[in-house]
Ligand SMILES: [Zn+2]
């Protein structure tokens, strides 16, 4: 094994896994359109624990209300006060965790794949903003973004850096349509914003190779995307250290931490000149 196969995370890629990564790079070169689908497993390596399970954010701090969206609609002023000055454990825990998190090598490898034309779109279930911070451009955040704001009427997004919220006049309203503005994160009970969903299905319609990274993709709408690719005869390649519900239907499964596997995959694509100078 050469030095490049030992990654910064300390995970040692076996020769067998490395051979399969080389094969995956070949498949990606031959694909018409590659789309990546990511979930919580990718951000674990950035210090963001999953929501549920041992050590999970909600296990530790308590779960957000299951009717969060209905509560927002009933009392947007109170919901905004909670956003600006959270008092509930889960909201404080999430805010602190996400503020401190930084993109990891996996996020950067995905941004480099995109920059070099090897990945057309990235669909994420994560709300942590780490793909954007890593430089990803064609980014579809199906559960929204923790830091951004969104008009619940026209779905326009607002970068909080350029959107002033007057605490004396809550809730803020959309400068374009006058609708109420809420946090972009999709709350429990809230429909997935239709514009994102449409863009996801458009990307999936073109896709013939999907990388599914750090997620078992069992929850709608993410669950639909790999299935649709498989129905069309495309390939679904799972990158996950653990077996998941997706493993039995995936075309192949690459077992390893997302960052280590993606860095090595990028290396193989670059070695053949496909993910070169621009990345
Ligand atoms: Zn609006």
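Values in this text are rule-based calculations from the coordinates and carry no lab data. Quick caveat: nothing in here was measured; it's all calculated off a predicted structure. So basically every Cβ, Gly included, is an ideal-geometry build from the backbone, and we count neighbours across all protein chains shown.
Legend: calculated FRET efficiency, residue 100 to residue 232, from the Cβ-Cβ distance at R0 = 41 Å, rounded to 0.05, equals 0.50.
When shorter helices are ignored and each DSSP H run of at least 4 residues is given -39500 (n - 2.57), the per-residue value for the chain at 222 nm works out to -10500 deg cm²/dmol.
Quick one: angle between helix 15-30 and the longest Cα principal axis of the chain, in degrees between 0 and 90, rounded to 10, please. Relative to the chain, helix 15-30 is tipped by roughly 70 degrees.
For 116, 252, the sequence from fewest to most other C-beta atoms within 10 Å is 252, 116. Once the chain from residue 27 to residue 78 is taken as fully extended at 0.36 nm per residue, the excess over their C-alpha distance is 13.3 nm. Dividing the alpha-carbon radius of gyration of segment 135-259 by the rule-of-thumb value 2.2 N^0.38 Å gives 1.28. This ranking places 167, 78 by how few other beta-carbon atoms lie within 10 Å of each, fewest first, which gives 167, 78.
Using the reciprocal of the averaged 1/r over all distinct C-alpha pairs, how large is the Kirkwood radius of the chain in Å?
19.7
Using the alpha-carbon positions of segment 30-178, Rg (one decimal) and Dmax (whole number) come out as 16.9, 56 Å.
For the chain, give me the percentage of DSSP beta bridges that are antiparallel, rounded to the nearest 5 percent.
Here the antiparallel bridges make up roughly 25 percent for the chain.
Placing a pseudo-label 7 Å from each Cα along the Cα-to-Cβ vector at residue 70 and residue 249 gives an inter-label distance of 3.0 nm. Mind checking the angle between helix 194-206 and the chain's longest principal axis? C-alpha axes, 0 to 90 degrees, to the nearest 10. Long axis of 194-206 versus the principal axis of the chain: about 10 degrees. Relative to the longest principal axis of the Cα atoms of the chain, the long axis of helix 89-100 makes an angle of roughly 50 degrees. Sorting 87, 59, 185, 38 from the fewest to the most surrounding beta carbons within 10 angstrom yields 87, 59, 185, 38.
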